[in-house]
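J.: If you scroll down you'll find the structure; I have some questions about it.
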Amino acid sequence: MERLKPFSTKTHKNGNNMSAENRRNIGGRRIAIRFAAPLRFAVHFHRRIHTQLNMNPIKSLQTLGLTALFTMTALITEARAETKHSQDIVAVASSAGSFNTLVAAVKAAGLVETLQGAGPFTVFAPTDEAFAKLPKGTVEDLLKPENKAKLAGILTYHVVPGKVMAADVRTMKAKTVNGQELDIKVGSSGVMINKAKVVKTDVPASNGVIHVIDTVVLPK
């Protein structure tokens, strides 16, 4: 089977992980750049229509109103898109509502800062229902402080370095952050990660992508 080559990761020049403040600053600059285009278009549109209407004040005001409405719609759309893609993997998982156990496990294992890092990462994320399939008491036991290392090993087995979108997935072996490999198989019924089925793909995050799986995969 072909082995997945991890994408290179980028780090901030002042440390391994970009600070939250710097991420916000960069996000702000991106929003300003994205807003510039619709604003320039609105100004150009208004000037052109204004000239064509031979400076008719009433029609000009109507045109200005339509231009303002168009501009606000464009800005709101851009802002929503930017906000959605500016969330890191932990934030996306926390807000989804279906990864409560996974988020709790990430916190217990001390992996929050890691998964908030620059990455990029590909996370095969088990749902709450997936964790519920484990034998009774397993999750509670793993969340205990004395099992922190074991829990971290399980969670990092769900993480592959690099950003691997669904279109890039094929039957292969993928080395995880854990160090062990996942067996990825693509068939007529979908994509399998070991014995887990991928039920949703390409959930975007600012530092990678999440693919949802229906079963917790366990390292050897």
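Just so you know, all these numbers are worked out from the coordinates, no wet-lab data involved. In this text, all values refer to a predicted model and were calculated from it rather than measured experimentally. All Cβ positions, glycine included, derive from the backbone under ideal geometry; neighbour counts span all protein chains shown.
J.: Given labels modelled 7 Å from the Cα in the Cβ direction, how far is it in nm from Asp214 to Ala91?
T.: 3.2
J.: Suppose R0 equals 35 Å. What FRET efficiency, 1/(1 + (r/R0)^6) with r the Cβ-Cβ distance, do Ala149 and Lys197 give to the nearest 0.05?
T.: 0.80
J.: Mind checking the log10 I(q)/I(0) for segment 87-213 at q = 0.13, 0.16, 0.18 Å⁻¹? Debye, one equal scatterer per Cα, no solvent, two decimals.
T.: One equal scatterer on each Cα of segment 87-213 leads to -0.49, -0.76, -0.97.
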